[in-house]
Every structure is written in structure tokens, then in C-alpha cells.
Amino acid sequence: MTENKVTIVMYHFVRDEPLIGKKSIHALSIRQFVDQLNYMEKYYYFVTMEQCIEAIYLNESLPPNSLLLTFDDGYSDHYYNVFPILVEKNIQGCFFSVGKILNDFEILDVNKIQLILASTSIEKIIGDLDQLIDQYKSIYGLKSWHEYESSLYYNHQYDSPKVTFVKALLQKGLKGESQHFFINELFRKYVTCDEEAVFQKLYMDKEQLQLMIANDMFVGTHSYSHFWLDELNQTQQEAEIEKSVAFLKQLDIPESKWVMSYPYGAYNSSLINILKTNHFKLALTDQAHGGLIASLKRRNAFKLERLDANDFLDIDLEKPNKWTQEVVSQ
């Protein structure tokens, strides 16, 4: 039997207008999204998450050149800008929301960082962080600025080294109270003190998710708190998955459709074992370990690779790009 493979594409923001005032974040425009769908319709066959689950566990065959669309973080963009287009084209989208959004009504740190970066120069942010670390080093037991610089500067496909450093420092370098304190200080200084107004514009609510489910869209979990799950200990991972299960049950999603998209694509063997114990069917990453076209086998079910939507920015209806060539030439 031919091996089942699927190209899984990952989306985040899809919008034309800035999120707040004139503050712009990196987003795919609605026109770009439609152009990508038109390109994909020419070269691929859209499949559903249910078909992928059946391919793994029931050995059902997928059509050649299969493609699955996924959308992370539960943004309002997905409801207002993406959902109507997918319904019109009769394409399923798979939407992964964060439980904390629906239950705690808090802006995720990852989004606060994005808005901070969009609101001022990277040099000002780095200057502020340098001062904050110096000021609060003894209070929070922080490393020196030089130590953070030497360990957190690296090249990234889409960000400059300075932006990559700031993201790494605020997401991973700082821990616990210092992490949230620094992020909130910068958010209030450069973005707004009115977090509620930003929250209302940023995310989908429970009713919108349920309406999408009723229209054959797929909804899974992007964890409960959007942590780097591979950096949690086993007890913390179990608590995070327990809350994620409660989120899925809150939306009346049956156990046969429990799927996770890892925040930041990060996972480890401990996390995979916990997901299996809790009856999840599969999980999605964005880390390539055997290529970037996902192989739908049981041994691969909890580390399915995805391409970023940015990998489909340079497209031509008359000529397949390198990712498309990888599947259409087989």
C-alpha cells in the first residue's frame, strides 16, 4: 500500500488592518491567503483532520498530494477573515485555541511580546531590558546581561538576530515572576494599559469556536497556557494536559478527535506519553525530523511536521514551488 503523506500548513495571523491603532504585527494579508488557497487548489487535494486520523489508525488511504490547513492560537482573524472563505470553498480548517484564553481571559505572553516588538524600535526594547535586568538582578536571581546575550543570540529564518534575542529572552531566558513582570512592564510602556480592549480584538470566544465546529471546521487544543511544554517537568506537563482535556470537553469535542498543536512546536517523549495516556490521537509540531511532509504512521502520530504559511508566499500558478514539487513529482 502507498504510504500516506500529507502537507500540513500552519497559519497564525491573517489580517489587513493593524491590531491596535497603527501598531502593525507580522500577518498574512487576506489577499495573500486567498492566493495561497487558489494555488493549493491547483496542485493539492484538501483533506480533513478526520481523514488523517483514519489514515493513521484505520489504514485508510489519502489521495495523492494531500494537504491540511491548520491555524494556531485562536485569533479572531480566523473567525472573521478565514472561516468565511473556507466555508465558501468547502475546505476544512483545523483551529487550535489556547484554553487560558477562554477561561482566564488573559492575553498570552507570546502576543504581548509581538505587540511590544511592533510598537517601538528593537534598540529601545533591548535598552530597557538591559536596565531592568540590572535593576532587578538580585531580586529575581537573574544572570548578567552578557550571559543572556552569549546564550540567546542565534540566527532565525524570519527574524533578525536582535528580534530573535528579545523573543528568546522573554519567552525562555527569564523565568517565573521576572518573565511576566518584564513583559508587562514593556507592554504597559509601549502598547497599552487597557489589556481588556486588546483581548477583545485579539481572540475568538467559545460561541465562535462552536459555530465553526457546527460548520465542519476542526477544533483542537494548543495547550492550556501556551508554555514551552518541553521545558516543564512531568508533573507540570500532566497538569497542562489535564487542563487541555477539560478545554476540549468544554467544547463537546469527542475523544476520537482529540488533537494537540504544540506551542512553539516543542515537545519531548514525556509529553508524548502523557498525550497517549490521555487518549489523544495525534499532535502537530513545526520541527523537521524526517522532512517537512508528514508521514501518517502510528510511530509518527505525535510529531507531525508542518510547513509555515510563509513557505507559500513565493508562488506561481503556472509553476509549483519546491515544496509542491516534492509531492507532485512522486
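Scan region 109-120 residue by residue and report those that are open to solvent by less than 10 Å² (accessible area, probe 1.4 Å) and either farther than 14 Å from Glu185 by Cα or not in a helix (DSSP H, G or I) (or both).
Matches in region 109-120: Asn111 only.
Out of all the residues in region 185-211, which are open to solvent by less than 60 Å² (accessible area, probe 1.4 Å), more than 26 Å from Leu282 (Cα to Cα) and polar (S, T, N, Q)?
Matches in region 185-211: Thr192 only.
Of these, Glu123, Glu106, which one is modelled with pLDDT of 90 or more and open to solvent by 50 Å² or more (accessible area, probe 1.4 Å)? Even if it seems obvious, please write down each step before you answer.
Values: Glu106 fails: modelled with pLDDT of 90 or more.
Residue meeting the stated conditions: Glu123.
Before we move on, is Lys281 open to solvent by 10 Å² or more (accessible area, probe 1.4 Å), over 18 Å from the mean Cα position of the chain (by Cα) and under 27 Å from Met40 (Cβ atoms)? Please lay out each step first, then the result.
Values: open to solvent by 10 Å² or more (accessible area, probe 1.4 Å): yes; over 18 Å from the mean Cα position of the chain (by Cα): yes; under 27 Å from Met40 (Cβ atoms): yes.
Against the criterion (open to solvent by 10 Å² or more (accessible area, probe 1.4 Å), over 18 Å from the mean Cα position of the chain (by Cα) and under 27 Å from Met40 (Cβ atoms)), Lys281 qualifies.
Give the number of residues within region 212-264 that are crowded, with 21+ Cβ neighbours inside 10 Å and without any contact (Cβ under 8 Å) to a residue 24 or more places away in the chain.
Total satisfying the criteria: 1.
Please work out if Phe182 is in contact with a His (Cβ under 7 Å, 6 or more places away or on another chain), buried (at least 20 other Cβ atoms within 10 Å of the Cβ) and modelled with pLDDT of 90 or more.
no
What about Asp35, is it buried (at least 17 other Cβ atoms within 10 Å of the Cβ) and either free of Cβ contacts under 8 Å to residues at least 12 places away in the same chain or acidic (Asp, Glu) (or both)? Write out each step before concluding.
Details: buried (at least 17 other Cβ atoms within 10 Å of the Cβ): no; either free of Cβ contacts under 8 Å to residues at least 12 places away in the same chain or acidic (Asp, Glu) (or both): yes.
Judged against the criteria, Asp35 is not a match.
Just to be sure before I move on: is Gln287 polar (S, T, N, Q) and part of a helix (DSSP H, G or I) in the structure I sent?
No: the conditions fail for Gln287.
The values are calculated or read from the model by the stated rules, or taken from the named source; none is laboratory data. Since this is a predicted model, take the numbers as computed values, not measurements. Virtual Cβ from ideal backbone geometry, glycine too; neighbours counted across all protein chains shown. Note: accessible area is taken over every heavy atom of the protein model, side chains too, but ligands, DNA and RNA are not part of it. Shrake-Rupley method; radii C 1.70, N 1.55, O 1.52, S 1.80 Å.
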